[in-house]
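Here's the structure we're looking at; comments come further down.
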Amino acid sequence: MAHQSELIEKDILAYLKSQEEKSLLRFITCGSVDDGKSTLIGRLLWDSKMVFEDQLAALEADSKKVGTQGGAIDYALLLDGLQAEREQGITIDVAYRFFSTDRRKFIVADTPGHEQYTRNMVTGASTAKVAVILVDARKGLLTQTRRHSFLVSLVGIRHIVLAINKMDLIDFDAEKFRRIEDDYREFAEPLGFSSITALPISALNGDNIIEKSVNTPWYSGPTLLQFLETVQVEDDRAGQPFRMPVQWVNRPNLDFRGFCGTIAAGTVRPGDEIRVSSSGLVSRVDRVVTMNGDLDEAVAGQAVTLTLKDEIDISRGDMLTVPEAAPLFTRHPEAHLVWLHDEPLRPGQLYLVKSATGITPGRVTDVPYAVDVNTLEQKQVTTLGLNEIALVRLELDRPVPFDPYRENRDTGSFILIDRFSNATVAAGMVSEAVELESHKAQLAELEPETGSAWTRRISLSELSATSLNVVDLTAEYGTFILEAPITLLAHLEKGNRVLFRLRDLGQLPAVALLAYEHNLAFEFDRTLEGISVLLFKRGNLPQDKVDSDTGTGI
Amino acid sequence: MTSNLTHLQQLEAESIHIIREVVAEFDNPVMLYSIGKDSAVMLHLARKAFYPAPAPFPLLHVDTTWKFREMIQFRDRMVEESGFKLIVHVNEEGVARGVSPFTHGSALYTDVMKTEGLKQALDRYKFDAAFGGARRDEEKSRAKERIFSFRSANHRWDPKNQRPELWSLYNTRVKPGESIRVFPLSNWTELDIWQYIHLENIPIVPLYYAAVRPVVERDGMLIMVDDDRLELKPGEVVQHKSVRFRTLGCYPLTGAVESEADTLPQIIQEMLLTRTSERQGRLIDHDQAGSMEKKKQEGYF
Ligand SMILES: Nc1nc2c(ncn2[C@@H]2O[C@H](COP(=O)(O)OP(=O)(O)O)[C@@H](O)[C@H]2O)c(=O)[nH]1
Ligand SMILES: [Mg+2]
């Protein structure tokens, strides 16, 4: 392995220490069949010494039997794992490969370049931060090059390596190299990548893969490995507003109620105010619990367990966020859909939609347009077949928290599952919600009654129907009386709580009167944001929902 | 942006996410515990995922009856310490037929005692998800396996018909009888495992550390004489050598390496400087080309 062997031999503890700060980069290779993807990755593994002697012996034997190099070592065989593929001589699925240097660990998705395998490319790209797009120097840009570039941009990859391969077959011609690079930059302009780095390489012979090639004196940029080791893949998630889909409620006993999940964006600390996507209820983080001790801070990417200061109803399917930047909470997301299955989309049919917060039944109601992956033109379609991409509108059985995909891959993505075959049939990326449903309770004002013109009545009739538990009174002026319909009282009876946000203390008597009239209790809280009052039925603390926590709803 | 996680922190978080997802979506999961270093890491991650609660699923050990004695001792100690419920399953039919690695050859023996045994246990307890500690870097056919790997009602893996796996959104749907094998360590390499064991102080079976042990040389491998069931063939002599194991399984099928490395850093040092992969010590992989892939299609883990 490309590790400092000297340090390993002399001072293994110092070496181990130095390895603790290593970062991780996931990238994908794409290109047409025979452009050299498998050879390139085989080469990276080889040169970073991830191939062991016994694997080498097997590789030599395999190269003689089924290799394409006339008995010489065929690096592609390191990659083309499955027997069926080896016999066919093409890669047919996504393979993951690993290698590491002293600076980084790499996970490579090797994806096939065959026409009909858009599916595998999108799969491999979904977790990648960089795409290495291979081009055969003799052929230049092909339709597939354009398609792959569009797909990786759709899936949110910002950094492109244009690896112009087989330079040995065009005598390392600088002119031809530059022409391909220019063509590509012009084509890729509208795709808006953050960086495009063109490299003249020979995967077969190793030119500019690890070491600078003597065959390309005219090229002064980095080698492929140098680039991969140093490229800054901005993890801007840490700087975004906090988000954590609740994956599991951990309730070992009555004294502990932890919300487990992987932080999708931002940071969280004890004392932070968080909001529950479904109810709008707000509380504060009490502890960030891990087996290695409580944390002062946790960041995007970490899998943690949060406990809250208040006992509010939260289950799998909820998303915890900062109150100021709530996610979309919608039944009608609009999304780009990549169809992954032989059986075409049936608009109107019920599928299972799996997102970061769990599974919700839903259907595609509308396909405004499909995108031709070769020309990027929009076209009218009635359905979607394998490897086709379209903008669609969905209707979900209940609201689900989402972010736009371009802001967050984890909270903006979903898959569609066929209810009967259980096949994963499509991948979705949310662009926006079709109509933003209001999170706030509607405050319907009643006509002032004769004789009491100075006292307004505000009905809370919308509350229980929508199960939204926040009443925002901060925009209300003057005195008023709150009216609670029977449905709201039943809602509270079930253990739900309603949070009132007050503009000032003058509004407190209205809430107190409501509590007095209906035998309710309340908690008063003054925070930086203002005054809030939590109204609930005493002796009816929120139900333990751990058991009903399947998230499937069906 | 300085708060970027290290590679081990990212791998750990991904594994914990996977383990929690299984518990949230399956009715009856189980964790296959093979007692080796990968299992040790997987068990540690399971404890982390649900801390302070105990992990809400049992461990399953498919005992071939030929494991190293120290492995069984270690297993029982770990179960006691971690509070997991342990299910031990032995293919009694195989035992009754006297199937052993000596009498029936490694291929048939593995098939009956390991593969068949595992299927029996999964069927008996009706587990719908089973965690396994396999890594994609172990072997070529594993490189293409999904993290959530679908198995038909008769436990077969169909490499040509795998569900696409995108982002960290795992399709957990199965029909009655079908199941999913879940590999939370898919993206870890052997080096990652060792580094993590070092960093987190995870206990491992002492056999990984070098010590003077009785061994015989057989088929080019050093086989440890772990009990008196190992009959010496003509010309074989028991030697006492300082050896350790890079991988643990059934003692008659697991080759030792000569080594003086008796601390974790020394083991890692040796691993980094060595030029053979860990599977080399396993007899079953050498039987035929693509053999692992064939075994997997038939339900071997
Ligand atoms: N001359 C030459 N041949 C190459 C180079 N890279 C790959 N090849 C050959 O091109 C063929 C296809 O390579 P492979 O890696 O299987 O392509 P893939 O289909 O993209 O994975 C094989 O015969 C390789 O040996 C290169 O840089 N120069
Ligand atoms: Mg290939």
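Of the residues that make up the stretch A:235-244, is at least one touching a Lys or Arg at 6+ places or on another chain (Cβ under 6 Å), surrounded by 22 or more Cβ atoms within 10 Å (Cβ to Cβ), in contact (Cβ under 8 Å) with a residue 12 or more places away in the chain and among the aromatic types (F, W, Y)? No, that holds for no residue.
When B:G133 is tested against (1) within 14 Å of another protein chain (Cβ to nearest Cβ); (2) touching a Gly at 6+ places or on another chain (Cβ under 8 Å), exactly one condition is not met: (1).
Scanning the stretch B:65-108 for residues that are of a type outside the set (D, E, K, R), in contact (Cβ under 8 Å) with a residue 40 or more places away in the chain and more than 30 Å from B:F50 (Cα to Cα) yields B:T65, B:W66, B:F68, B:S100, B:P101, B:F102, B:S106, B:A107. Looking only at residues in the stretch B:174-191 that are buried (at least 21 other Cβ atoms within 10 Å of the Cβ) and within 7 Å of chain A (Cβ to nearest Cβ), which one is modelled with the lowest pLDDT? Out of the qualifying residues, it is B:T189. Are any of the residues in the stretch B:200-211 in contact with a strand residue (DSSP E or B) (Cβ under 6 Å, 6 or more places away or on another chain), of a type in the set (S, T, N, Q) and either without any contact (Cβ under 8 Å) to a residue 12 or more places away in the chain or at negative phi (or both)? Among the residues of the stretch B:200-211, not one is in contact with a strand residue (DSSP E or B) (Cβ under 6 Å, 6 or more places away or on another chain), of a type in the set (S, T, N, Q) and either without any contact (Cβ under 8 Å) to a residue 12 or more places away in the chain or at negative phi (or both), which makes the answer no.
Which one of A:L224, A:L151, A:L169 is under 25 Å from A:N374 (Cα atoms) and either hydroxyl-bearing (S, T, Y) or not assigned by TED's automatic domain parsing to the domain that holds A:A390 (or both)?
Working: A:L224 fails: under 25 Å from A:N374 (Cα atoms); A:L169 fails: under 25 Å from A:N374 (Cα atoms).
One residue alone meets the criteria, A:L151.
Condition check: away from chain B (no Cβ under 14 Å), in contact (Cβ under 8 Å) with a residue 40 or more places away in the chain, within 25 Å of A:I107 (Cα to Cα) and assigned to a loop (DSSP other than H, G, I, E, B). Does A:F227 satisfy that? Considered against the rule, which asks whether it is away from chain B (no Cβ under 14 Å), in contact (Cβ under 8 Å) with a residue 40 or more places away in the chain, within 25 Å of A:I107 (Cα to Cα) and assigned to a loop (DSSP other than H, G, I, E, B), A:F227 comes out as no.
Scanning the stretch B:155-173 for residues that are charged (D, E, K, R) and touching a residue at least 60 places away in the same chain (Cβ under 8 Å), which turns out nearest to the other protein chains (Cβ to nearest Cβ)?
B:D158
Working carefully through the options A:G506, A:G551, A:G530, A:G539, find the one that is on the phi > 0 side of the Ramachandran plot and at pLDDT 80 or above. Spell out how you get there, then give the answer.
Values: A:G506 fails: on the phi > 0 side of the Ramachandran plot; A:G551 fails: at pLDDT 80 or above; A:G539 fails: at pLDDT 80 or above.
Just a single option satisfies the conditions, and that option is A:G530.
Every condition in (1) touching a strand residue (DSSP E or B) at 6+ places or on another chain (Cβ under 8 Å); (2) within 11 Å of chain A (Cβ to nearest Cβ) is met by B:G117 except one, and the failing one is (2). Selection of first residues in the stretch B:2-30 that are modelled with pLDDT of 95 or more and of second residues that are in a helix (DSSP H, G or I) and of a type in the set (V, I, T), restricted to Cβ pairs under 7 Å at least 6 apart or on distinct chains, gives the following pairs, ordered by first then second residue: B:P29/B:V22; B:P29/B:V23.
Residue under question is A:T357, and the condition is that it be of a type in the set (S, T, Y), surrounded by 22 or more Cβ atoms within 10 Å (Cβ to Cβ) and in contact with a Gly (Cβ under 8 Å, 6 or more places away or on another chain); does it hold? Even if it seems obvious, please write down each step before you answer.
On the way: of a type in the set (S, T, Y): yes; surrounded by 22 or more Cβ atoms within 10 Å (Cβ to Cβ): yes; in contact with a Gly (Cβ under 8 Å, 6 or more places away or on another chain): yes.
Criteria met by A:T357.
Working only within the stretch B:99-139, note down all residues that are under 29 Å from B:N187 (Cα atoms), among the small types (G, A, S) and not in a helix (DSSP H, G or I). Within the stretch B:99-139, B:A129, B:A130, B:G132, B:G133, B:A134 qualify.
Scan the stretch A:86-106 residue by residue and report those that are within 16 Å of ligand 1 (Cβ to nearest atom) and either of a type in the set (S, T, N, Q) or at pLDDT 85 or above (or both).
Kept after step one, since they are within 16 Å of ligand 1 (Cβ to nearest atom), are these residues of the stretch A:86-106: A:86-97.
A:Q88, A:T91, A:Y96, A:R97, listed by residue number.
The values are calculated or read from the model by the stated rules, or taken from the named source; none is laboratory data. What you see is a predicted model; the values in this text were computed from it and never measured. Every residue, glycine among them, receives a Cβ derived from its backbone with ideal geometry; neighbour counts consider all protein chains shown.
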